[in-house]
Amino acid sequence: MNNRRQNVIDAAHKLFIDKGYQATSIQDILDGSGISKGTFYNYFPSKGELFIAIFRSFYTKIRHEREKLLIGQDSADIEIFIRQLELQLMVNKQSKLLILIEEVRVSNDEELKQFINKTLLLSLRWMYNRFIDIFGESKKPYLLDSVIIFHSMMTHMSHFSYRANPAGTPDIQIIRYCMNRIVHLVNEVAESGEQIIDPELMDTWFPKFTNQLDACHNDLLHSTTELKKAINKAIPCDEDRRRAIELVDFIQDELMQSDKPREFLIESLLATLKTGYASQIQAYMETFEESINSCLSR
């Protein structure tokens, strides 16, 4: 069933790219994936939900690949962050997600527009957490402003670089250029004490997306990030670190990607995680388990 569902996602993604989201009909998707209308609606309540499933599929891939780059590495290393962003941009270009985003932005589908906005906030939140890793807790009050500037800088540099040179400037060159600028900016605003947006406001933004992100998922995202940091620091063996992070990812995906998370699977994965690694990361495991129980009881 999961393979057939993924086949529908893959077929629809190709159709959305070739014909456009608005121009692609449900019948086009049925013909392209070889399923009946009843089967389609068993998988997806609407074409919009299918669109969201496509984005979630690629977002999950990006998140997993980003985390792999951190295994056994210093999270404060700017070079690792640059490689993570390069990977993210590469997947976005290959999948042409940005083209779909632009089409949705000018559509009349408010639910999908809200989903795109949420996706942007998730990206900013990830960058903000990585900036804390890189620049330290002492600069935390100024890092959301810096992330927003950095994100805008990369977006516009990529756009105008392409207009000036259709052959394109390598992504890593643009990322490194913007990162070099932002390092100086972070130090400057921290020294001056200037702040526009309080980072704590991020926690008030996410609950607005009630259809796409439950309130408990905010805590889950935070506890997952902190647990992975602890794993990278506390577990010396590369293979053990990789395995522990995979277990955390499986649990998070089950809770966030499924309407009916499989409790027996989550309990089994959690037991494995506790048995193998809990002694090194006990405090973070307790917080992670609390966020899991919150999601299961919602």
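The values are calculated or read from the model by the stated rules, or taken from the named source; none is laboratory data. Quick caveat: nothing in here was measured; it's all calculated off a predicted structure. Ideal geometry is used to build each Cβ from the backbone, glycine not excepted, and the neighbour counts take in all protein chains shown. Please note that ligands, DNA and RNA were not included when accessible areas were found on the heavy atoms of the full protein model with its side chains. Shrake-Rupley method; radii C 1.70, N 1.55, O 1.52, S 1.80 Å.
Of everything in region 105-141 that's of a type outside the set (D, E, K, R) and open to solvent by 50 Å² or more (accessible area, probe 1.4 Å), which residue is farthest from residue 85 (Cα to Cα)?
Top of the filtered list is 108.
Could you tell me which numbered condition residue 73 fails, if it satisfies all but one of (1) more than 30 Å from residue 236 (Cα to Cα); (2) open to solvent by 70 Å² or more (accessible area, probe 1.4 Å); (3) not basic (Lys, Arg)?
In the conditions (1) more than 30 Å from residue 236 (Cα to Cα); (2) open to solvent by 70 Å² or more (accessible area, probe 1.4 Å); (3) not basic (Lys, Arg), residue 73 misses (1) alone.
Cβ-Cβ below 7 Å, separation at least six or inter-chain, first residue in region 66-82 and under 21 Å from residue 177 (Cα atoms) and in contact (Cβ under 8 Å) with a residue 40 or more places away in the chain, second open to solvent by 40 Å² or more (accessible area, probe 1.4 Å) and in a helix (DSSP H, G or I): which pairs?
Between residues of region 66-82 that are under 21 Å from residue 177 (Cα atoms) and in contact (Cβ under 8 Å) with a residue 40 or more places away in the chain and residues that are open to solvent by 40 Å² or more (accessible area, probe 1.4 Å) and in a helix (DSSP H, G or I), the close pairs are 75/229; 82/172; 82/176.
Can you name the residue in region 89-100 that is open to solvent by less than 40 Å² (accessible area, probe 1.4 Å) and of a type outside the set (Ser, Thr, Tyr) and, of all such residues, is farthest from residue 16 (Cα to Cα)?
Filtering first and then ranking leaves 91.
If we scan region 214-222, do we find a residue that is at pLDDT below 85, more than 21 Å from the chain's Cα centre (by Cα), open to solvent by less than 40 Å² (accessible area, probe 1.4 Å) and closer than 30 Å to residue 270 by Cβ?
no
Can you tell me which condition residue 8 does not meet? The list is (1) at pLDDT 85 or above; (2) part of a helix (DSSP H, G or I); (3) within 30 Å of residue 226 (Cα to Cα), and all the others hold.
The number of the failed condition is (3).
Condition (residue is of a type in the set (Gly, Ala, Ser), open to solvent by 50 Å² or more (accessible area, probe 1.4 Å) and in a helix (DSSP H, G or I)) applied to region 50-69: is it met by at least one residue?
Checked against the condition, which is being of a type in the set (Gly, Ala, Ser), open to solvent by 50 Å² or more (accessible area, probe 1.4 Å) and in a helix (DSSP H, G or I), region 50-69 yields no hits at all.
Can you confirm whether residue 86 is within 27 Å of residue 230 (Cβ to Cβ), out of contact with any Cys (no Cβ under 7 Å at 6 or more places or on another chain), open to solvent by 60 Å² or more (accessible area, probe 1.4 Å) and in a helix (DSSP H, G or I)?
Criteria met by residue 86.
Kindly list, by first and then second residue, each pair from a residue in region 105-126 that is in contact (Cβ under 8 Å) with a residue 24 or more places away in the chain and among the hydroxyl-bearing types (Ser, Thr, Tyr) to a residue that is surrounded by fewer than 15 Cβ atoms within 10 Å (Cβ to Cβ) and not in a helix (DSSP H, G or I), limited to pairs with Cβ atoms under 7 Å and residues at least 6 apart or on different chains.
Qualifying pairs under 7 Å: 107/22.
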